[in-house]
Amino acid sequence: MAAKRDRWWVGLIGLIVALILTSQPLPGWLNLFRPDWVALVLVYLAIFTPQRLVLTSAVLCGLLLDAIHGTPLGQYALALVVCIYIPLKLHLHLVLVPIWQSVLTTLVILAIYQFALFWCNGAIGNDLGATAYLAPLASDMLFWPVVLALLDLMHLGRPTARQ
């Protein structure tokens, strides 16, 4: 049973796919609602595999996101580390919550992520407007159950019975 749950490759594949989805171009109006794929996968990993190197993965993925988006080095890394620290500390509680509470909790965690990005952009003088930070939260809330189901299927080898 322990060998069945020790699927370290799930996080690696999930992060690679998330980085690929993040780097793909979208039309202007749809780009505004682009989900934070990397943050969603890292939140999943922080909740369900907290013993892994999730904070290190957050820093590395954040630096890659900085390179992809052309932002100052460390902006996304800082936002991801701040965001991922919360589910790492609360993972024992978050594993047991039903899907609707998981969606709301993830929404709050990703709102903190967006606030960290807002703060970093404000510190360097970039004003993107409130829509640039609030619109991705709507798509994150819609895609969290999908990410949760897919990564659960890969991680556990079977779908979970969340309600």
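Would you check which residues across region 1-24 are in a loop (DSSP other than H, G, I, E, B) and at pLDDT 90 or above and list them? Across region 1-24, the qualifying residue is only Gln24. Please find, within region 29-57, the residue that is surrounded by the fewest Cβ atoms within 10 Å (Cβ to Cβ) out of those that are over 19 Å from Gln114 (Cβ atoms) and of a type in the set (Ser, Thr, Tyr). Of everything passing the filter in region 29-57, Thr56 is surrounded by the fewest Cβ atoms within 10 Å (Cβ to Cβ).
For first residues located in region 26-43 and under 24 Å from Ala149 (Cα atoms) and hydroxyl-bearing (Ser, Thr, Tyr), partners that are open to solvent by less than 70 Å² (accessible area, probe 1.4 Å) and part of a loop (DSSP other than H, G, I, E, B) and lie 6+ apart or on another chain with Cβ distances below 7 Å do not occur. Filtered by the rule that a residue be in contact (Cβ under 8 Å) with a residue 60 or more places away in the chain and open to solvent by less than 50 Å² (accessible area, probe 1.4 Å), region 8-22 gives Val10, Gly14.
Residues that are assigned to a helix (DSSP H, G or I), of a type in the set (D, E, K, R) and in contact with a Phe, Trp or Tyr (Cβ under 6 Å, 6 or more places away or on another chain): does region 64-75 have at least one? Within region 64-75, one or more residues are assigned to a helix (DSSP H, G or I), of a type in the set (D, E, K, R) and in contact with a Phe, Trp or Tyr (Cβ under 6 Å, 6 or more places away or on another chain). No other residue among Leu117, Leu94, Leu137, Leu148 is under 22 Å from Thr56 (Cα atoms) and within 13 Å of the chain's Cα centre (by Cα) apart from Leu148.
Listed by first and then second residue, the pairs linking a residue in region 122-139 that is hydroxyl-bearing (Ser, Thr, Tyr) to a residue that is modelled with pLDDT of 90 or more and assigned to a helix (DSSP H, G or I), with Cβ atoms under 6 Å apart and 6 or more places separating them unless they lie on different chains, are Tyr133/Gln114; Tyr133/Phe118. All conditions but one from (1) open to solvent by 10 Å² or more (accessible area, probe 1.4 Å); (2) touching a helix residue (DSSP H, G or I) at 6+ places or on another chain (Cβ under 8 Å); (3) over 16 Å from Val59 (Cα atoms) apply to Leu78; the one that does not is (3).
Given the conditions (1) exposed (fewer than 15 other Cβ atoms within 10 Å of the Cβ); (2) at pLDDT below 90, report the number of the one that Thr71 does not fulfil. Of the numbered conditions (1) exposed (fewer than 15 other Cβ atoms within 10 Å of the Cβ); (2) at pLDDT below 90, the odd one out for Thr71 is (1).
Of all residues in region 106-129, those being assigned to a helix (DSSP H, G or I), surrounded by fewer than 11 Cβ atoms within 10 Å (Cβ to Cβ) and of a type in the set (Gly, Ala, Ser) number 1.
The values are calculated or read from the model by the stated rules, or taken from the named source; none is laboratory data. A quick note: this is a predicted structure, and the numbers were derived from the prediction, not measured. Here Cβ is always computed from backbone atoms with ideal geometry, including for glycine, and neighbour counts include all displayed protein chains. Quick note on the areas: whole protein, heavy atoms, side chains included, nothing else; ligands and nucleic acids left out. Shrake-Rupley method; radii C 1.70, N 1.55, O 1.52, S 1.80 Å.
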